[in-house]
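The values are calculated or read from the model by the stated rules, or taken from the named source; none is laboratory data. Predicted, not measured: the structure shown is a model, and the values here were computed from it. Cβ sites come from the backbone with ideal geometry, for glycine too, and all protein chains shown count toward neighbours. For the accessible areas, the whole protein counts, side chains as well, though only heavy atoms, and no ligand, DNA or RNA atoms are used. Shrake-Rupley method; radii C 1.70, N 1.55, O 1.52, S 1.80 Å.
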Amino acid sequence: MQLRGRVLAGMPLAPLLLASPAALAQQDAALEEIVVTAQKRTESLQEVPISIQALGTERLEELQISSFSDYVKFLPSVTFTTLGPGFSLAYFRGVASGENNNHSGPSPSVGMYLDEQPITTIQGALDVHIYDIERVESLAGPQGTLYGASSQAGTIRIITNKPDPSGFDAAYALEGNMIEHGGTGYLAEGFVNLPLHEKAAIRLVGWVRHDAGYIDNVVAERYFPTSGGCISNAKTPPAGCQGTPARAKDDYNDVDTYGARAALKVDLTENWSITPQVMGQQQEANGSFAYDPAIDDLKIARWYKESSEDRWVQAALTVEGRIANFDIVYAGAYLDRDAWVDSDYSDYSYFYDQCCGYGSYWGDDTGTPLADPSQFITGSDKYKRTTHELRIASPADKRFRVVGGVFYQQAEHKIFQRYQIPGLGGFLSEGEYFPIEVTGWPDTIWLTNQIREDEETAVFGEASFDILDSLTATVGLRWFQTDNSLRGFFGFNENYSSNYGEALCFSDKQYNGSPCTNLDDSVDDSDTVPKFNLTYRFSDDGLVYATYSEGYRPGGINRNGTVAPYKPDYLKNYEFGWKTMWSGNRLRLNGAIFREEWDDIQYSFLPPSGAGLTVIKNAGSARVDGIEMDMTWAATESLLFSGGFSWLDSQLTKDYVPDPDSPPAAFKGDSLPIAPDFKANLTGRYSFQVGEYSSFAQVAYVYNGSSWSDLPREERSYYGKQSAWSLTDVSVGATRGDFTLTLFVNNLFDDLSRNWTWSQCTVSVCGVNPYYTPNQPRTYGLRFSQEF
């Protein structure tokens, strides 16, 4: 059986089409079995006592899914924030405190995996192009036992199709699309599976994608109070204004993505195989993916370059075999990711000049205030990660069975951020001139040049025992040890600040040309997280389960060396769930009810100071009560309905007090941000025959309730609550032989959502000018594909 033909489908919580029309007809409308590896062994999803969803190859294609934001909208237990491609963070079950997506923030609460390797990074997970993917698995709730750090609230796994020696297989697809209020895009992708021998095969995959822009950078001027200077992004600036590097441009947030994957599988013996794989991608994005509501929908004003380039390569090796009756798996991988960013940071200069007269400090080489004191940022984040896991699993058909192993991870993150003001020199005080450029870095008012290193060692295992044929108890444990260090330089010239930068240096050692060292610290921690589960199978088609589990995030060092390190935070999960099949396997009804308790929350925020330096503190506790359900019903051989929803009640259980000398920033009973109370979706697909053409029509509806973008009440007073929104996607298509033609319209009613609200600096200063991150406007597309 070709892997790409296996149909996988959604469990809690999404409206997924579980089988293709042809498969439904062949099985008299019965739903196919779904196979997953969420528990580190191959199992039927209906036998796994976890709230899990799986989107298989066919389903991913049917929903026109090609990126992170595409598949997350069909996962009701998952919400996310984003600043653009490669800068998205996922959240499960409302476990979110409103992190600011800064590269110096805490580790994410959701683990992202590409095959066997965690690809979670602080700025966001890899935005892997979704094509020739066996399935995307979504595991809700703490997965700390088997998946460890940063799987505190859940885990998302992207599992690629592997080489298959049994036969040749290939396909390609071409797509053109057009965004209303925007530009045109295209996509070309293909794969080939080549048997080299009866026991060896290679699989090659490639893709090129251009996503059109839909945000307009409009013509605008900005006047600075202190200098009286004016800047303009117009092609021909008005009299009295100086032109800036970035010019007004329509649809300026376009994205180009290129990538490839090559994998080799060799069956060494009947029991042993090796699968080396290399995968890489380059993604170049222009512009901002937010708009300024004070200007208009989908419009923003920018004066300096905004772009990003995200380039990564992953090399992985999997060895699978058997010793006696035990399955042995070794999975090792190396990830190299480099991201470069250019950002317009002129809001900071403008609003601090307006409120506090900072423009008087931003002068030229004579101390005269600059006519244009705008700041812009050039930065890079360079990641290297090596992981090794060795695990063993006893026979799954035995009354007592175990899975366990050892895990080791080493990660390095080089952080570089240079805040520049063109022509910067210094300021005058009582007739004396004081330079404020960071030493050795012209035009630089702030420099971050640091190296973060993380190391994790873990031993894990789960043991299951069938007390009765229908009753199984499972116990899991994970012991871990984490080490985190951060060293380098951060801050200003000592003439500009005595709290950050050169004034704090204690060593002349330089990191990549930084003036000196003012930060060198490390923390370590070790602990054990448990899992307990009791599963009762009341029939061949149904089970119920009760689970207690824990997840964790490691602590770390604040890049502001004057702030103490932050501690690990933990999430406790109490869950009762069910998995059932009805009406001769034509109706699947699964769900879970849960309570999660979150202690010592790691919260990142910008303190009320001009430094604008992200701080992370443990403060506050919260609980989340919720229910999640999904239903899939094969009404006839040609008509399938699927739906799911998530309802949450989240709130702080004690006041959030980041600064002991200040009043609480949020209070007991306040709801957590990001996730809505209610999220749901519904999909219907009708298959029919028109002459020689196997045809279909599909409608997918997504609803997202209202939510807050941040936790503190001050932010909420500036930003307001984000309104509920809904999206409707429709598609029709026909297949004849190996050819398929699909016409689709995403966001049919052109609804404009507000997914996230943010500002460039401290809310009390920049909050008067917030930005809204929207969904993509109505998109028309035509897709042609062929299979061989």
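Inside the stretch 233-265, can you point out the residues that are of a type in the set (A, V, I, L, M) and more than 22 Å from G206 (Cβ to Cβ)? The answer is A234, A239, A246, A248.
Here L752 fulfils each of the conditions (1) assigned to a loop (DSSP other than H, G, I, E, B); (2) touching a Leu at 6+ places or on another chain (Cβ under 7 Å) apart from (2).
Going through T79, T57 one at a time, which residue ends up being touching a residue at least 60 places away in the same chain (Cβ under 8 Å) and closer than 17 Å to E189 by Cα?
Only one candidate passes the filter, namely T57.
Is the stretch 660-681 home to any residue that is β-branched (V, I, T), crowded, with 22+ Cβ neighbours inside 10 Å and within 24 Å of V110 (Cβ to Cβ)? Yes, the stretch 660-681 contains a residue that is β-branched (V, I, T), crowded, with 22+ Cβ neighbours inside 10 Å and within 24 Å of V110 (Cβ to Cβ). Filtering the stretch 567-609 to residues that are part of a strand (DSSP E or B), open to solvent by less than 50 Å² (accessible area, probe 1.4 Å) and among the aliphatic types (A, V, I, L, M) leaves L571, M581, L587, A592. Report yes if some residue within the stretch 684-700 is of a type in the set (V, I, T) and open to solvent by less than 70 Å² (accessible area, probe 1.4 Å); otherwise report no. No, because not a single residue in the stretch 684-700 is of a type in the set (V, I, T) and open to solvent by less than 70 Å² (accessible area, probe 1.4 Å). Looking only at residues in the stretch 636-686 that are in contact with a helix residue (DSSP H, G or I) (Cβ under 9 Å, 6 or more places away or on another chain) and assigned to a loop (DSSP other than H, G, I, E, B), the one that is nearest to F92 (Cα to Cα) is P673. Using beta carbons and a limit of 6 Å, which pairs, at least six apart or on different chains, have the first residue in the stretch 487-506 and free of Cβ contacts under 8 Å to residues at least 60 places away in the same chain and the second one of a type in the set (V, I, T)? Close Cβ pairs satisfying both conditions: R487/I451; N493/I436; N493/V438. If you go through the stretch 495-510 and keep only what is open to solvent by 30 Å² or more (accessible area, probe 1.4 Å), part of a loop (DSSP other than H, G, I, E, B) and among the small types (G, A, S), you end up with just S498. Kindly evaluate S753 against the criterion of being of a type in the set (S, T, N, Q), closer than 27 Å to R59 by Cα and open to solvent by 10 Å² or more (accessible area, probe 1.4 Å). For S753, the condition - of a type in the set (S, T, N, Q), closer than 27 Å to R59 by Cα and open to solvent by 10 Å² or more (accessible area, probe 1.4 Å) - is not met.
Could you tell me which of the residues W312, W303 is of a type in the set (A, V, I, L, M, F, W, C) and part of a loop (DSSP other than H, G, I, E, B)? Unique residue meeting the criteria: W303. Give the residues of the stretch 228-240 that are modelled with pLDDT under 95 and crowded, with 18+ Cβ neighbours inside 10 Å, sorted by residue number. Correct list: G229 only. If you check E137, E175 for being farther than 15 Å from V36 by Cα and touching a Lys or Arg at 6+ places or on another chain (Cβ under 9 Å), only one passes: E175. The sole residue among A173, A149, A125 that is over 15 Å from the mean Cα position of the chain (by Cα) and open to solvent by 10 Å² or more (accessible area, probe 1.4 Å) is A149. For the stretch 449-494, a residue qualifies if it is assigned to a strand (DSSP E or B), open to solvent by 30 Å² or more (accessible area, probe 1.4 Å) and among the hydroxyl-bearing types (S, T, Y), and exactly one does: T457. Within the stretch 375-392, restricting attention to residues that are in contact with a Gly (Cβ under 9 Å, 6 or more places away or on another chain) and surrounded by fewer than 20 Cβ atoms within 10 Å (Cβ to Cβ), the residue that is nearest to E116 (Cα to Cα) is H388.
Filtered by the rule that a residue be of a type in the set (D, E) and under 24 Å from F532 (Cβ atoms), the stretch 450-501 gives E456, E462, D466, D469.
Filtering F739, F788, F784, F744 for residues that are modelled with pLDDT under 95 and either farther than 21 Å from Y656 by Cβ or aromatic (F, W, Y) (or both) leaves a single hit, F788. Looking at the stretch 545-566, can you tell me whether even one residue there is of a type in the set (D, E), open to solvent by less than 20 Å² (accessible area, probe 1.4 Å), at negative phi and modelled with pLDDT of 90 or more? Looking through the stretch 545-566, none of the residues is of a type in the set (D, E), open to solvent by less than 20 Å² (accessible area, probe 1.4 Å), at negative phi and modelled with pLDDT of 90 or more. Can you name the strands (runs of 3 or more DSSP E) wholly within the stretch 345-448 that have at least 3 residues being at pLDDT 95 or above and on the phi < 0 side of the Ramachandran plot? Passing ranges, in order: 376-393, 400-420. Test of understanding: among W725, W758, which residue is open to solvent by 20 Å² or more (accessible area, probe 1.4 Å) and either touching a helix residue (DSSP H, G or I) at 6+ places or on another chain (Cβ under 9 Å) or charged (D, E, K, R) (or both)? Criteria check complete, one pass: W758. Listed by first and then second residue, the pairs linking a residue in the stretch 381-395 that is farther than 18 Å from I415 by Cα to a residue that is of a type in the set (D, E, K, R) and outside any strand (DSSP E or B), with Cβ atoms under 7 Å apart and 6 or more places separating them unless they lie on different chains, are E389/E116; R391/K40; A393/K40; A393/R41. Filtered by the rule that a residue be touching a Ser or Thr at 6+ places or on another chain (Cβ under 9 Å), open to solvent by 40 Å² or more (accessible area, probe 1.4 Å) and under 13 Å from R311 (Cβ atoms), the stretch 249-289 gives Q282, E284.
Against the test of being touching a residue at least 24 places away in the same chain (Cβ under 8 Å) and closer than 22 Å to F74 by Cβ, the options D569, D599, D677, D649 yield a single qualifying residue, D677.
Filtering the stretch 49-97 to residues that are farther than 13 Å from V702 by Cβ and among the β-branched types (V, I, T) leaves I50, I52, T57, T81, T82, V95.
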